[in-house]
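J.: After the structure tokens below, expect a handful of questions from me.
The values are calculated or read from the model by the stated rules, or taken from the named source; none is laboratory data. Quick caveat, the model's predicted, so the values are computed rather than measured. No Cβ is skipped: glycine too gets one built from the backbone with ideal geometry, and neighbour counts run over all protein chains shown.
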Amino acid sequence: MDRIKSAYEMALERFQQRREVPPEEIEKMGYILEGKALGAKYLNEINFDILLEIKKYPDKIRGYMAEGALETFLSNIQLPVDNATLETTKKALAGIALLTVNKKALNEVTGQLEHLLYYYESAVKQAFEQFKERFSARMAASMKSLEEKVGVKLKIDPEKQPGFREEWTRAISSINTQYNKILAEQKEKIRNIR
């Protein structure tokens, strides 16, 4: 009959099966992290020259630094929920352009990405107007009975009503899910450009 292993015995087995990480891999991860930090600095500072900073390192390390910066840039490409997000996305795309050798392939993908962002903004505006109309229509019935009770014509902004933002957030989530999926595909295309 098989004996049941204790949690300690199972942990000891997993520990013995672990593989050693080579020092080169640890060093590479460190440079990738430094590259991520340089990417963040590029996004946050106006006159930061990321290429100049990367060129301070030996050739072998530059690739790791660029890889890290690219990851930072890709993670900052997001659907434009406001102007600040859109500006960050544009700056991230500019940073990617600095690091990418194959400009033709990058321009093709970024063109598709810019169209995606434009269509997203249009879809959100249209969905918002439709949602606002439906919300207003639902409110109109209850407002009519309230107006009859108080005897005064009431003017109410639907956006300032309780529940409007919460319902809008739920309504927009399906659009965001759809566009985020396409955005992830575009980011993967950018990641694979050499």
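J.: Given the criteria hydroxyl-bearing (S, T, Y) and over 30 Å from I172 (Cβ atoms), does Y31 qualify?
T.: yes
J.: Check K56, K103, K36 and return the single one that is among the charged types (D, E, K, R) and touching a Ser or Thr at 6+ places or on another chain (Cβ under 8 Å).
T.: K36
J.: Just one of (1) on the phi < 0 side of the Ramachandran plot; (2) modelled with pLDDT under 95 trips up G151, so point out which.
T.: Going through the list (1) on the phi < 0 side of the Ramachandran plot; (2) modelled with pLDDT under 95, G151 breaks only (1).
J.: Further question on the same structure: Restricting to region 36-94, what's the tally of residues that are among the aromatic types (F, W, Y) and without any contact (Cβ under 8 Å) to a residue 12 or more places away in the chain?
T.: 1
J.: Can you name the condition, by its number, that Q112 falls short on among (1) touching a helix residue (DSSP H, G or I) at 6+ places or on another chain (Cβ under 8 Å); (2) more than 15 Å from K187 (Cβ to Cβ); (3) surrounded by fewer than 17 Cβ atoms within 10 Å (Cβ to Cβ); (4) in the same structural domain as A184 (by TED's automatic domain parsing)?
T.: Result: Q112 fails condition (2) only.
Listed here are the residues, each with its yes/no results for (1) more than 24 Å from K187 (Cβ to Cβ); (2) out of contact with any helix residue (DSSP H, G or I) (no Cβ under 8 Å at 6 or more places or on another chain).
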position: Y8; (1), (2): yes, yes
position: K28; (1), (2): no, no
position: L38; (1), (2): no, no
position: F48; (1), (2): no, no
position: K55; (1), (2): yes, no
position: D59; (1), (2): yes, yes
position: E67; (1), (2): no, no
position: L70; (1), (2): no, no
position: N76; (1), (2): no, no
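Residues checked against (1) assigned by TED's automatic domain parsing to the domain that holds V109; (2) under 30 Å from A97 (Cβ atoms); (3) within 20 Å of the chain's Cα centre (by Cα); (4) in a helix (DSSP H, G or I):
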| residue | (1), (2), (3), (4) |
| --- | --- |
| R134 | yes, no, no, yes |
| A140 | yes, no, no, yes |
| P162 | yes, no, no, no |
| R170 | yes, no, yes, yes |
| R194 | yes, yes, no, no |
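J.: Please find, among K41, K28, the residue that is at pLDDT below 95, within 30 Å of V109 (Cα to Cα) and touching a Phe, Trp or Tyr at 6+ places or on another chain (Cβ under 9 Å).
T.: K28
J.: What about E129, is it outside the structural domain of G35 (by TED's automatic domain parsing) and either surrounded by fewer than 17 Cβ atoms within 10 Å (Cβ to Cβ) or on the phi > 0 side of the Ramachandran plot (or both)?
T.: It is true that E129 is outside the structural domain of G35 (by TED's automatic domain parsing) and either surrounded by fewer than 17 Cβ atoms within 10 Å (Cβ to Cβ) or on the phi > 0 side of the Ramachandran plot (or both).
J.: Another one. Within region 97-116, does at least one residue satisfy the condition of being small (G, A, S), over 15 Å from the mean Cα position of the chain (by Cα) and within 23 Å of M65 (Cα to Cα)?
T.: yes
J.: Could you list, ordered by first residue, the pairs with Cβ atoms under 6 Å in which the first is in region 98-127 and more than 25 Å from E53 (Cα to Cα) and the second is of a type outside the set (A, V, I, L, M) and in a helix (DSSP H, G or I), at least 6 apart or interchain?
T.: That search, which allows pairs on different chains as well, returns V109/K189; L113/Q186; Y120/Y179.
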